[in-house]
Amino acid sequence: MERTNAWKTYDEEKLSAVEAVSKRYRAFLDAGKTERECVREAVRLAEARGFVPMNSVTSARPGDRLYVNWMGKAMLLFIVGERPLTEGANIVGAHIDSPRMDIKQNPLYEENGIAYLDTHYYGGIKKYQWVTLPLALHGVVAKVDGTVLDISIGEKEDDPVLGVSDLLIHLAQEQLDKKANVVIEGEQLNLIVGGRPDPDADEKEKEPVKKAIRKLLEEQYGFEEEDFLSAELEVVPAGRARDFGLDRSMIIGYGHDDRVCAYASLEALFNQSEVPEHTCVCLLSDKEEIGSVGATGMQARYFENAMAELMALTGDYSELKLRRALAACRMLSCDVSAGFDPNFASVFEKKNAAFLGKGVCFNKFTGSRGKSGSNDANAEFIARLRNIFDADGVNFQTAELGKVDVGGGGTIAYICALYGMEVIDSGVPVLSMHAPWEIINKDDLYEAVRAYTVFMRQ
């Protein structure tokens, strides 16, 4: 079914609202280039709207606004509803990690007068896209005395930036004959951090540039080389999200996958001004790009545990009731989809592709080829969603992730579906997904906020 462009349905008031939410989203994107920074910004926004930590209260009543900050890298937010949790909750869930490069635990070395930090890429990336870019360093350094340092280098106007070099075209004949996946290999993603020897180094010093960098780290940033052992430092593109296109219809930025859906989910929760009928939940998870593993990934039990804690706070907990509550939930797994790109039309099936500017996108299934690894949403659930969105005039479209035998991808939907709840993937179409700089359409962001808002009200 052909879907119209969303902007054709907008009046001046809605066009103004599109620009307003886009401005707020750009600010969120700039403030949250890592999962830790996203959680920190989400906590700030939530507390300004009356949310309090769940562990700070002894009971919960309808209308209460609570949140759980899980290890600083995942988060859950709740607005308690009128109905008991055994009747389920309305959940919007997104992930806040994005493809990047991570600094290794023993990273600092010098080679022929240049100091480097070794990296290990995180998530699915085209490695050649990460060279010759201005890069920034974000994260934390945990010292043995218990001090945790927040690090952000490369974002301020007067900050230095870092980067990975590439081979000059004049000498690149052999390199250009390689397949794209090995034009740049993982072990070549070495971050240049310095090129000036320590002035106090004598002629016998084997690594005078490394010595200078070690001093700089201690004097300017407060940690020693050995502290890399207990650091989480992420290499991300330096710079701010910007309006894209002469008509400013789009946004280019790092981390649209999946922070655009994370922000839309947050804003939709904040839009719930009345006490909801069913409890509303916003779930922000980590580690999706590497399989949702680890203590902060969706395969961990922090969501289930938080639901148990909430039921206990309402005075209505038992293990059986928890199981019933989880199974009765309804969820939008909010993750981006592949936007149709005319430059690469051959990998899409146009009747079942997501187009920029035509609204929020629903993927009945993701996975790859024979739907392997996907959540395949029930037809009855999709019908109810269609009714909800049509009644509220939400612009939406449906899509698959490319042609059947071309590729595929996954989200957290299949993990949440293990509880028996109804789940469907829903998100914003993206161009250049997993590249250092991705592109979305502002109208799709706005429609995602509208869709998630009305979904939680049901």
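The values are calculated or read from the model by the stated rules, or taken from the named source; none is laboratory data. Since this is a predicted model, take the numbers as computed values, not measurements. Positions of Cβ are backbone-derived with ideal geometry, glycine not excepted, and every protein chain shown enters the neighbour counts.
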Can you tell me which of 374, 333 is outside any loop (DSSP other than H, G, I, E, B), in contact (Cβ under 8 Å) with a residue 40 or more places away in the chain and hydroxyl-bearing (Ser, Thr, Tyr)? 333
Failed condition for residue 139, given (1) outside the structural domain of residue 451 (by TED's automatic domain parsing); (2) assigned to a strand (DSSP E or B); (3) at negative phi, with all others met? (3)
Can you tell me which residue within segment 1-23, out of those that are in contact with a helix residue (DSSP H, G or I) (Cβ under 7 Å, 6 or more places away or on another chain) and closer than 19 Å to residue 259 by Cα, is surrounded by the fewest Cβ atoms within 10 Å (Cβ to Cβ)? 21
Here, strands (runs of 3 or more DSSP E) confined to segment 207-296 with at least 3 residues that are more than 25 Å from residue 191 (Cβ to Cβ) and modelled with pLDDT of 95 or more are 280-285
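Residue 193: closer than 11 Å to residue 117 by Cα and either touching a helix residue (DSSP H, G or I) at 6+ places or on another chain (Cβ under 9 Å) or not in a helix (DSSP H, G or I) (or both), yes or no?
Taking the combined requirement at face value, the residue satisfies it.
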Considering only residues that are more than 14 Å from residue 138 (Cα to Cα) and either buried (at least 19 other Cβ atoms within 10 Å of the Cβ) or at pLDDT below 95 (or both), which ones fall in segment 96-111? 96, 107, 108, 110
Kindly indicate the residue of segment 122-165 that is farther than 18 Å from residue 180 by Cβ and touching a His at 6+ places or on another chain (Cβ under 9 Å) and also surrounded by the fewest Cβ atoms within 10 Å (Cβ to Cβ) among those meeting that condition. 150
Every residue in segment 52-61 that is touching a strand residue (DSSP E or B) at 6+ places or on another chain (Cβ under 9 Å) and not in a strand (DSSP E or B), please. 54, 55, 56, 57, 60
Of all residues making up segment 254-267, the number that are surrounded by fewer than 24 Cβ atoms within 10 Å (Cβ to Cβ) and under 18 Å from residue 100 (Cβ atoms): 1
